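Here's the structure, in C-alpha coordinates; my notes come after.
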Amino acid sequence: MTEVSRQVLSVGFCAYAVLYPLLGLAAGLRWPRLPSFGVPCPTTLLTVGLLMGLEPGRLRGLFVVPLLWALVGGSAAFLLGVAPDLMLLAGAVVLTLAMVARPGSGAERPTVR
(Lines give C-alpha, C1' and ligand atoms only; values in the text may rest on other atoms or scores of the structure.)
Protein backbone atom coordinates (compact mmCIF):
# COMPACT_ATOMS: atom_id res chain seq x y z
CA MET A 1 0.00 0.00 0.00
CA THR A 2 1.49 3.32 -1.01
CA GLU A 3 1.85 6.35 1.22
CA VAL A 4 -0.73 8.26 -0.82
CA SER A 5 -3.31 5.48 -0.68
CA ARG A 6 -2.86 5.14 3.10
CA GLN A 7 -3.32 8.89 3.54
CA VAL A 8 -6.41 8.94 1.32
CA LEU A 9 -7.91 6.04 3.29
CA SER A 10 -6.98 7.77 6.54
CA VAL A 11 -8.77 10.99 5.59
CA GLY A 12 -11.71 9.02 4.17
CA PHE A 13 -12.31 7.01 7.35
CA CYS A 14 -11.91 10.10 9.55
CA ALA A 15 -14.38 12.07 7.40
CA TYR A 16 -16.83 9.16 7.43
CA ALA A 17 -16.64 9.05 11.23
CA VAL A 18 -17.35 12.77 11.53
CA LEU A 19 -20.27 12.55 9.08
CA TYR A 20 -21.61 9.36 10.70
CA PRO A 21 -24.71 10.97 12.30
CA LEU A 22 -25.71 12.53 8.98
CA LEU A 23 -25.27 9.18 7.25
CA GLY A 24 -27.58 7.64 9.83
CA LEU A 25 -30.21 10.27 9.05
CA ALA A 26 -29.79 9.60 5.34
CA ALA A 27 -30.26 5.87 6.04
CA GLY A 28 -33.65 6.63 7.62
CA LEU A 29 -32.66 6.30 11.28
CA ARG A 30 -34.30 8.70 13.72
CA TRP A 31 -33.81 9.42 17.38
CA PRO A 32 -33.54 7.36 19.62
CA ARG A 33 -32.15 4.77 17.17
CA LEU A 34 -29.83 7.30 15.53
CA PRO A 35 -26.23 6.71 16.64
CA SER A 36 -24.30 9.87 17.38
CA PHE A 37 -20.58 10.57 17.18
CA GLY A 38 -19.78 9.50 20.76
CA VAL A 39 -20.86 5.88 20.36
CA PRO A 40 -18.29 3.13 19.67
CA CYS A 41 -18.91 2.66 15.93
CA PRO A 42 -17.93 6.15 14.68
CA THR A 43 -15.17 6.25 17.30
CA THR A 44 -13.83 2.99 15.88
CA LEU A 45 -13.96 4.40 12.35
CA LEU A 46 -12.05 7.47 13.51
CA THR A 47 -9.46 5.21 15.16
CA VAL A 48 -9.12 3.19 11.96
CA GLY A 49 -8.53 6.42 10.06
CA LEU A 50 -5.92 7.62 12.52
CA LEU A 51 -4.10 4.27 12.50
CA MET A 52 -4.12 4.27 8.70
CA GLY A 53 -2.24 7.57 8.82
CA LEU A 54 0.69 6.03 10.68
CA GLU A 55 3.82 4.75 9.01
CA PRO A 56 3.57 1.05 8.16
CA GLY A 57 4.71 -1.10 11.04
CA ARG A 58 4.22 1.57 13.71
CA LEU A 59 2.10 0.65 16.71
CA ARG A 60 0.86 -2.58 15.13
CA GLY A 61 -0.49 -3.84 18.45
CA LEU A 62 -3.04 -1.02 18.63
CA PHE A 63 -5.03 -2.29 15.68
CA VAL A 64 -6.42 -5.28 17.61
CA VAL A 65 -9.02 -3.35 19.64
CA PRO A 66 -10.59 -1.40 16.73
CA LEU A 67 -10.45 -4.57 14.64
CA LEU A 68 -12.43 -6.53 17.22
CA TRP A 69 -15.01 -3.77 17.63
CA ALA A 70 -15.29 -3.37 13.87
CA LEU A 71 -16.26 -7.02 13.64
CA VAL A 72 -18.74 -6.79 16.53
CA GLY A 73 -20.17 -3.41 15.51
CA GLY A 74 -20.25 -4.39 11.84
CA SER A 75 -22.78 -7.04 12.72
CA ALA A 76 -25.18 -4.21 13.66
CA ALA A 77 -25.41 -3.36 9.99
CA PHE A 78 -27.22 -6.65 9.48
CA LEU A 79 -28.82 -7.36 12.86
CA LEU A 80 -30.09 -3.86 13.66
CA GLY A 81 -30.33 -2.36 10.18
CA VAL A 82 -27.72 0.36 10.78
CA ALA A 83 -26.42 0.79 7.23
CA PRO A 84 -23.58 3.22 8.12
CA ASP A 85 -22.01 0.40 10.16
CA LEU A 86 -21.18 -1.49 6.97
CA MET A 87 -18.08 0.70 6.76
CA LEU A 88 -16.82 -0.97 9.95
CA LEU A 89 -16.38 -4.23 8.07
CA ALA A 90 -14.49 -2.44 5.29
CA GLY A 91 -12.38 -0.72 7.94
CA ALA A 92 -11.54 -4.07 9.52
CA VAL A 93 -10.32 -5.45 6.21
CA VAL A 94 -8.34 -2.35 5.22
CA LEU A 95 -6.77 -1.93 8.66
CA THR A 96 -5.77 -5.58 8.83
CA LEU A 97 -4.16 -5.44 5.40
CA ALA A 98 -2.32 -2.24 6.28
CA MET A 99 -1.07 -3.47 9.63
CA VAL A 100 0.10 -6.94 8.58
CA ALA A 101 1.78 -5.73 5.40
CA ARG A 102 5.53 -5.44 5.55
CA PRO A 103 6.65 -1.82 5.76
CA GLY A 104 7.86 -0.45 2.44
CA SER A 105 8.27 -2.23 -0.84
CA GLY A 106 11.31 -4.02 -2.13
CA ALA A 107 12.41 -0.93 -4.07
CA GLU A 108 12.39 1.23 -0.93
CA ARG A 109 14.40 -1.12 1.27
CA PRO A 110 18.17 -1.00 1.08
CA THR A 111 19.82 -4.23 0.10
CA VAL A 112 22.27 -5.87 2.46
CA ARG A 113 25.34 -7.44 0.91
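Can R6 be described as of a type in the set (D, E, K, R) and modelled with pLDDT under 85? In short, no.
Take G61 and decide whether it is surrounded by fewer than 21 Cβ atoms within 10 Å (Cβ to Cβ) and either aromatic (F, W, Y) or over 24 Å from P21 (Cα atoms) (or both). Criteria met by G61. Consider segment 22-47 and keep the residues that are free of Cβ contacts under 8 Å to residues at least 24 places away in the same chain and closer than 29 Å to R60 by Cα. The one that is surrounded by the most Cβ atoms within 10 Å (Cβ to Cβ) is T47.
If you go through segment 20-59 and keep only what is over 14 Å from the mean Cα position of the chain (by Cα) and either under 24 Å from M99 (Cα atoms) or assigned to a helix (DSSP H, G or I) (or both), you end up with P21, L22, L23, G24, L25, A26, E55, P56, G57, R58, L59.
The values are calculated or read from the model by the stated rules, or taken from the named source; none is laboratory data. In this text the structure is predicted, and so the values were computed from the model without any measurement. A quick note on method: Cβ atoms are made from the backbone with ideal geometry, for glycine too, and the neighbour counts reach across all protein chains shown.
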